Every structure is written in C-alpha cells, then in structure tokens.
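Chemist: One structure coming up, written as structure tokens, with questions to follow.
Since every read-out is calculated from the coordinates, none of them should be taken as a lab result. What you see is a predicted model; the values in this text were computed from it and never measured. Counting neighbours? That spans all protein chains shown, and the Cβs are built from the backbone with ideal geometry, glycine included.
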Amino acid sequence: MDDSAASLARIGSPLPEPPLAAATLLAGVATSVSQLRNGLSTVRPAVRVVGCLLPQADGAADPGCPVLGGFDELERVLEQHPVDQVLLSLPLAMSGPLEAMVERLERSDIAWRFMPTLADQLAGRTHAPGGPRPSFGRDELDVARLINRQPRPLDDAAIRRALQGKRVLITGAGGSIGSELARIVCRFDPAALLLVERSENALFEIDRQIKRLHPALERAALLHDVTDADATLDLLDRDRPDVIFHAAAHKHVPMMEGHPAAAVENNFFGTRSVADAADRFGVERFVMISTDKAVNPSSVMGATKRLAELYIQHLNRTSRTIYAMVRFGNVLGSACSVLPIWGDQLSHGGPITVTHPQMTRYFMTIPEAAGLVLQAGAYADGGEVFLLDMGEPVNILGLARRFVRLRGFEPDVDIEVRITGVRPGEKLFEELAYSGEDKRPTPHPSVAIWATDPPADASMAAIVTAFERLRRRRGVGRDAIVAALRSSLPEMTHAAAG
C-alpha cells in the first residue's frame with residue numbers, strides 16, 4: 001500500500017462502523033457537497049444525508065441539501081441533529097480550512113471520513129489530511145490551459161549559434177525568468193554558465209538545480225549586486241562572459257510607487273552598471289528583459305524600465321557589443337505574481353481578489369517567455385526592442401473565475417471573487433508598443449521587432465546627470481524622483497489610481 005493509500009485508510013476516527021442508512025452530515029464547499037450527495041444516492045447500503053456544513057454558511061449556495069451552518073458551527077449542529085457520521089469533502093487546495101476542520105472533527109466523538117473531491121481525484125491529488133502533504137506549485141495547474149495558449153516551437157538552430165561554446169552570464173539568475181533562462185541555456189551547450197544573484201537563497205537553489213541536471217557544465221554562483229558598478233567591472237573582468245542576459249530588476253508596481261529611489265537604483269543604475277561593463281570588456285551580446293509597463297509608463301517601475309531601455313539603445317550606437325531588449329507582459333506563475341497569490345488566498349478559503357472588473361493584462365508562461373527571450377537574443381543585430389507575441393489581452397476577472405473552476409470550485413458559490421480597487425501605479429490596460437513605432441517580423445512568428453530611434457546623446461547625458469544628482473542627495477523625497485522621471489519621459493501617463 002503506498003503512502004497516500006495508507007493515509008486514506010487511517011483517516012477518521014477509529015469508531016465502529018455506522019449503522020445502515022446512517023444519518024450523515026456532509027462538510028465541504030457547495031460543489032463538492034453536491035457531487036458527494038449525488039454519488040451517495042447510488043450507494044448501498046443507503047446513506048441518509050441530513051444536511052451539510054459549508055466553510056461559511058451562505059444562503060445563496062445550493063449544494064442540493066439543507067445548509068445547517070458554517071464550519072465554525074460543527075459542535076452546535078452535532079448537538080442539535082442526530083448524526084452518525086460526517087463526510088468531509090473539501091478540496092485540498094483549501095489547506096487552511098481543511099486542516100482546521102480535521103482538528104475539530106478529531107476533538108469530537110463522531111465517526112468521520114475524508115472524501116477527496118472529484119476534481120482532486122481527476123488531478124491525482126488524493127492525499128488525506130494527516131498523510132503526506134501535496135505541494136501546490138505552478139506545475140499543479142495547467143497554466144497554458146488557463147490562458148488558452150500553446151507556445152510555438154523555438155528556432156533551436158539560431159539559439160545554438162548564439163550560445164554554443166559561449167560563456168553565458170545571467171543577472172537575476174534566482175528569479176522566475178532568470179532561473180528558467182539558466183535551465184534552458186544549458187540545453188545549448190554553453191562553455192560556462194555564470195549565475196549572478198544578490199539573494200543568497202535564490203542563488204543557492206538555482207545553482208543546486210544546475211549542478212544536479214548538468215554536473216559536467218562549468219558554472220559559477222556569483223553572489224553580487226549589479227548596482228555596485230565597480231564590483232560589476234571586477235566581476236566581468238575576471239569571468240569574461242561572451243553573452244549576458246540581464247534579468248535583474250525590481251518588478252512590483254505598487255511597491256515601487258512607495259520606493260522610487262530603489263526602483264531607479266536597481267532598474268536604471270543596475271542596468272547601466274552591467275551594460276557599461278559589457279562594453280568595457282567586449283561582451284558579444286547583451287539582452288535586457290523589459291516589460292510592457294515601459295510603454296507610456298504610468299508607474300515608477302515602468303518609467304525606470306523605460307529609462308533602462310533608452311540607455312541600452314544609446315550605448316548600442318557606439319559599442320562593439322550587440323545590445324537589445326525584449327519587451328513582454330505578465331508571466332503567469334512567477335514569484336509573487338497573481339497565481340501564487342490566488343493559490344495562497346484559496347488555501348485560506350478565499351476570497352480571490354481582483355482589483356478592477358475591467359482590468360486586462362497580457363500573459364504568457366515562464367518557459368515560453370524565457371525561451372522567446374533566448375530566441376530574440378539570437379536574432380539581435382543591435383538596438384532592437386523585441387516584442388513577444390502575447391496574444392490577446394486577458395480580462396483578470398475572467399482569469400480569476402477560470403482559476404477557481406480549474407481548482408474544482410464554483411466562483412462566488414464555493415469561493416468569493418472580490419473586487420478590491422485599483423492599486424497605486426496600475427493601468428487598467430497595458431500596451432506593448434508605442435503607436436508610432438515600426439513593427440518588423442523576424443524568422444520566428446512569436447517575435448517581432450519594434451524599430452525605434454535611440455535617444456540623442458545630449459538627451460541621454462541630461463537624464464544620467466539628473467539622476468546621478470538625485471542619487472548623491474541624502475533623503476531625497478518621492479516627489480523629486482517622480483518629477484525627474486516625468487521630466488525625462490514626456491510620454492509618462494497617469495495611473496488609474498494612486
């Protein structure tokens with residue numbers, strides 16, 4: 001008997017079997033209770049359902065039997081109703097309410113059993129409470145199905161020509177995109193992989209993975225902050241990469257609204273530090289990860305990424321290094337993005353939160369985004385802004401409802417989907433390019449080029465000077481930094497809120 005079967009066999013109290021036509025109380029969400037009740041109607045000997053408990057008593061829910069109360073009313077319901085057994089059928093994704101209900105049932109003197117929901121059974125998640133705990137990482141959810149998107153095959157030959165036998169350095173290597181870049185790069189036989197990351201734990205984890213998967217590959221785990229320009233020069237002088245993928249950045253829009261100096265430091269000066277070092281030591285190819293939020297930016301984060309784009313285009317005019325940028329939208333499943341947040345909310349019984357019913361975003365999966373970054377980098381001749389085909393924008397409220405259903409729940413019946421209001425710096429709609437830019441195709445259908453003119457030398461020099469002055473000032477306030485961003489980027493717009 002395997003571990004999951006053993007845990008199912010022992011779950012519940014060791015009381016005698018209940019009598020025939022056992023009076024049974026069901027506990028779960030409306031969908032799982034309804035499914036369980038329908039299944040019990042075919043069972044012999046008969047089971048008599050007296051009612052059900054939902055996580056929160058909801059008069060609008062219709063589980064197909066009387067709702068006797070919420071989970072917190074278990075003891076009262078057991079006192080007032082003659083019950084022989086309780087059948088608990090709560091989706092495993094709701095780990096918080098599930099564990100709490102198990103504790104309450106264990107303290108009672110009632111016979112009970114755990115019944116995996118139909119959705120969990122179909123997904124192979126049948127571990128019972130008290131047994132080995134399942135993990136609910138991004139691999140548990142079919143993300144491509146969630147956004148109805150299947151990636152196109154990569155042009156492997158082009159990527160191999162750019163990476164094979166090269167020393168490849170990745171900044172932000174412990175992040176969601178950086179770590180996936182590292183894993184994919186290894187498929188193309190680089191001479192060495194240099195992992196640059198300032199988070200010790202994140203660096204340790206990606207280095208451990210690469211060592212396990214590619215033990216013969218030369219690699220280095222480099223604990224380093226790219227905003228330190230002198231140390232960055234020393235690092236590139238010592239390790240001499242041929243290709244750099246620059247993924248290090250601050251990405252959270254609302255947080256950067258409150259920390260504009262940190263956004264400028266990491267997103268602009270960090271990029272400048274690595275890009276200047278690449279020029280100094282003759283790196284062949286430098287590819288920066290950018291964002292749709294750099295287009296007509298409404299946020300501090302988007303504005304600082306736009307400044308980084310401009311600096312890369314400026315540097316490309318005079319450098320032997322090929323500089324390019326890859327601009328794309330949101331990546332589903334990345335750290336602290338919407339899916340992990342919704343997964344955590346679901347584990348506590350909800351609600352699932354959405355900021356605005358009309359909010360839309362462009363989405364792709366982590367593997368597709370990382371693969372297309374490598375694809376774009378292979379096509380770069382210098383100065384391009386590569387635009388990844390993000391498909392049609394996705395309504396976030398609709399995405400939330402699909403997420404709830406793919407987890408085995410019915411939105412606003414089992415799990416509330418709640419509108420919370422637009423956060424500081426957010427737009428309702430994102431863009432991927434300026435209307436005046438010229439779109440050109442590449443050999444890959446998912447990668448296009450938006451040809452733009454680099455900034456004038458005098459304009460770029462003025463931007464660098466302005467932010468270096470602010471950088472040297474102690475205690476500079478948010479308003480001064482935002483004013484400098486707006487002065488440097490006339491295309492900056494105002495957010496939907498904040």
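Chemist: Please work out the FRET efficiency for the pair Arg107 and His252, using the Cβ-Cβ distance as r and a Förster radius of 51 Å; give the result to the nearest 0.05.
Modeler: Taking R0 as 51 Å, the efficiency between Arg107 and His252 is 0.80.
Chemist: What are the residues whose amide H is under 5 Å from the amide H of Gly329, where those residues sit 5 or more places off or on another chain and H is modelled from the backbone?
Modeler: Result for Gly329 returns Asp292.
Chemist: Could I ask something else about it? Ordered by residue, what ³J(HN,Hα) values in Hz, to whole numbers, does the stretch 356-363 give under the Karplus form 6.51 cos²θ - 1.76 cosθ + 1.60, where θ = phi - 60° and Gly and Pro are x?
Modeler: Calculated HN-Hα couplings, in order: 7, x, 9, 5, 10, 8, 8, 9 Hz.
Chemist: Under 5 Å between amide H atoms, partner at least 5 residues away or on a different chain: which partners does Met115 have, H built in plane at 1.01 Å?
Modeler: When sequence neighbours closer than 5 places are left aside, the close amide H contacts are Leu88, Ser89, Leu90.
Chemist: Which net charge results when you count Lys and Arg as +1 and Asp and Glu as -1 among the other residues whose beta-carbon is under 13 Å from that of Leu195?
Modeler: -1
Chemist: Karplus couplings for the stretch 273-287 from phi (6.51 cos²θ - 1.76 cosθ + 1.60, θ = phi - 60°), rounded to Hz, Gly and Pro as x?
Modeler: Each residue of the stretch 273-287 in turn: 4, 5, 5, 5, 5, 4, 5, 4, 10, x, 4, 5, 8, 10, 10 Hz.
Chemist: With θ set to phi - 60°, apply the Karplus curve 6.51 cos²θ - 1.76 cosθ + 1.60 along the stretch 168-183 and write out the HN-Hα couplings as whole Hz, x wherever there is a Gly or Pro.
Modeler: Karplus values, whole Hz, x for Gly and Pro: 10, 10, 10, 8, x, 5, x, x, 4, 6, x, 5, 5, 4, 4, 5.
Chemist: Quick query: amide H of Asp389 versus all other amide H atoms, modeled in the peptide plane; which residues come in under 5 Å with a sequence gap of 5 or more or a different chain?
Modeler: Answer set, sorted by chain and number: Val447, Ala448.
Chemist: If you don't mind, another one. For Leu223, Leu397, what ranking results if the residue with the fewest other Cβ atoms within 10 Å of its Cβ goes first?
Modeler: The fewest-first ordering by Cβ neighbours comes to Leu223, Leu397.
Chemist: Taking only the C-alpha atoms, wrap a convex hull around the chain and report its volume per residue in Å³ as a whole number.
Modeler: 168 Å³
Chemist: Another one. Measure nothing but the geometry: give the 0 to 90° angle between the long axis through the Cα atoms of 30-40 and the longest principal axis through the Cα atoms of the chain, rounded to 10°.
Modeler: Taking the Cα atoms of the chain, the angle to 30-40 is about 40 degrees.
Chemist: Here's another thing I want to ask about it. What net charge is computed for the residues neighbouring Phe281, neighbours being all others with C-beta under 12 Å from the C-beta of Phe281, Lys and Arg scored +1, Asp and Glu -1?
Modeler: -2
Chemist: Given the pairs Lys166/Lys305; Lys251/Lys439; Lys166/Lys211; Lys305/Lys427; Lys211/Lys251, which are separated by over 20 angstrom at their Cα positions?
Modeler: From Lys166/Lys305; Lys251/Lys439; Lys166/Lys211; Lys305/Lys427; Lys211/Lys251, over 20 Å: Lys166/Lys305; Lys251/Lys439; Lys211/Lys251.
Chemist: Between the stretch 247-276 and the stretch 184-214, what's the alpha-carbon centroid distance in Å?
Modeler: Answer, in whole Å: 23.
Chemist: While we're looking at this one, here's another question. Please give the length that would be gained between Phe281 and Asn201 if that part of the chain were fully extended, namely 0.36 nm times their separation in residues minus their C-alpha to C-alpha distance (nm, one decimal).
Modeler: 25.9 nm
Chemist: Expressed in whole Å with the largest first, what are the equivalent ellipsoid semi-axes of the stretch 275-346 derived from the C-alpha gyration tensor as the square root of 5 times each eigenvalue?
Modeler: Over the Cα atoms of the stretch 275-346, the ellipsoid semi-axes are 31, 14, 9 Å.
Chemist: Please give the net charge around Met390, taking every other residue with its beta carbon less than 11 angstrom from that of Met390, where Lys and Arg add +1 and Asp and Glu add -1.
Modeler: With Lys, Arg at +1 and Asp, Glu at -1, the net is -3.
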